[in-house]
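Shown next, in structure tokens, is the structure this report addresses.
The values are calculated or read from the model by the stated rules, or taken from the named source; none is laboratory data. Please read these numbers as outputs of a predicted model, since none were measured by experiment. Every residue, glycine among them, receives a Cβ derived from its backbone with ideal geometry; neighbour counts consider all protein chains shown. The accessibility values were calculated without ligands, DNA or RNA, using every heavy atom of the protein model including side chains. Shrake-Rupley method; radii C 1.70, N 1.55, O 1.52, S 1.80 Å.
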Amino acid sequence: MSDEPQDSEPRSGRRDGDGLASHGPKSEGPKGHGPASHGPKAHETTSHGPTGHGPKSEDPKGHPPTKPEPVHATPARAPRRGQWGALPAMAPAGSVAATAANERPARRVAPSPLEPGATRDPYRTYRVLREEFPLTHDPLLRAWVLSRYADVASALADARFTHGHRPGDPPCAETHTDVDEAELRAVAERTAFVLARRIAERPLADLVADFCHWLPAGTVAAAVGVPYRDMMRLVRGRAASALAGQCTGQIAVREKALAGFLADVLVDPDLVEALRDAPSGLVARAWAESLRREPPVQIMMRRTRGEIHVSGGVLPAGAPVALLVGAAGRDPDRFRNPDRFDLLREDPDQLTYGPGPCPAVTLAALEAEYALRALFRAMPRLRLANGFRPERTGVITRAPRTLIVRPGG
């Protein structure tokens, strides 16, 4: 699985959001023995049975009591291992014993990011994995899973992990030494303003379909000299990579990242005002914070070259590893108040892109900056449509599918 989609508080923990071995209690009654029996043991006798230990019975006609015959205790039988004999005794419904049995915690197993419902809120699953299962094997992902920031960040930069590509990583940076940022800035600005003017007069618009879907393709088309009318062929498929290279051709990731960024800004009126005429540096901080808190690529796949020590154990050699970028971005051991979108965060960082020079990384940041400038200039009263709240979906990649706005306010 590559980074580019194919479309498909014991630990220490500002918009507020949200090992392999089992650590739960062992289940009682393994292999059919059931819990300890609730009655007397087989070799013990009761205090009121015909064993001679209780009071002797009196004959109602006055005859002397008969001497009871001795009863020899029989050896205890080995517990039956049959299907029904394996079941523990059942307590009456509503009894204290039944209530206690229902409240007994089940054996814990690591949750999976691919479980049903995870697409709506994966961060609860991520929290459990970070805190209780920092290293686990996920049968659905068919890979070992790392979720803590220290492990994920290390794996993304460690040469002992292979089979992955992330724009801005060192191998990528070695091939991009002549990035003309001024030219990229010009094409991003021009494309953003053209697209913004096209939707400015509409009563309603979907920024995902009408803006985010086109801006990354348009900037690439302009950067490589493809006529604007032909940029549709750059939106998907092999044409983008063939014309613009492996990094810049990853248009889908930039599209999702831009949609998430605009959703983060427009949902918060304070952010809208703070970024309306903000300098480039402040917009860059907001962009990095959006990538940290809600990365467009949630899971990146790698493979180990040898055994590697990580939190919770040792990864075997030659093993596929799923790096939970979404979990790492909210690790409270790395980020203060990690669920909060903090424009002025003192500990910023993101793992979607590497730190090296790369046209894809540069373009993504410029597209975010000029998207805001073009939208706010063409639509000064731009706001979300009445009653609409952006909702991100997806497991491997994650972004809003729609972003309905009122261009005229």
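Computed from backbone phi with θ = phi - 60° and the Karplus coefficients 6.51, -1.76 and 1.60, the 3J(HN,Hα) list for segment 117-131 is x, 5, 5, 6, 8, x, 6, 5, 4, 4, 5, 5, 4, 4, 7 Hz; x is used for glycine and proline.
Ranking His309, Ala259, Pro279 by Cα position along the charge dipole of segment 254-334, where only Lys, Arg, Asp and Glu carry charges on their C-beta atoms, puts His309 farthest toward the positive end. Taking amide H as placed 1.01 Å from N in the peptide plane, Ala399 has its amide H under 5 Å from the amide H of Thr393, each at least 5 places away in sequence or on another chain.
Say R0 is 22 Å: what FRET efficiency, to the nearest 0.05, do Arg202 and Arg381 get from their beta-carbon distance? The formula returns an efficiency of 0.95 here.
With a cut-off of 12 Å between beta carbons, the residues surrounding Glu391 carry a summed charge of +3, where Lys and Arg count +1 and Asp and Glu -1.
Model label points for Glu131 and Ala274, set 7 angstrom from Cα along the Cα-to-Cβ axis, are 2.7 nm apart. Between Ala319 and Glu183, the contour length at 0.36 nm per residue exceeds the alpha carbon distance by 44.8 nm.
Packing-based ranking of 257-266, 325-334, 275-284, 152-161 yields 257-266, 325-334, 152-161, 275-284, ordered from highest to lowest mean Cβ neighbour count within 10 Å. Backbone amide hydrogens, once placed in the peptide plane, bring Ala143 within less than 5 Å of Asp138, excluding anything fewer than 5 places away on its chain.
Sorted largest first by accessible area at a 1.4 angstrom probe radius, with every protein chain in place, the residues His213, His137, His163 fall in the order His163, His137, His213. Solvent-accessible surface (1.4 Å probe) assigned to Arg198 amounts to roughly 130 Å². Working ranking of peptides 396-409, 349-362 by packing, defined as the average number of other Cβ atoms within 10 Å per residue, highest first, is 349-362, 396-409. Rounded to the nearest 0.05, what FRET efficiency do Thr119 and Phe388 have when you use their Cβ-Cβ distance and R0 = 25 Å? After rounding, the FRET efficiency stands at 0.80. Karplus-derived 3J(HN,Hα) values for segment 348-356, using 6.51 cos²θ - 1.76 cosθ + 1.60 with θ = phi - 60°, are x, 4, 8, 10, 5, 10, x, x, x Hz; glycine and proline are entered as x.
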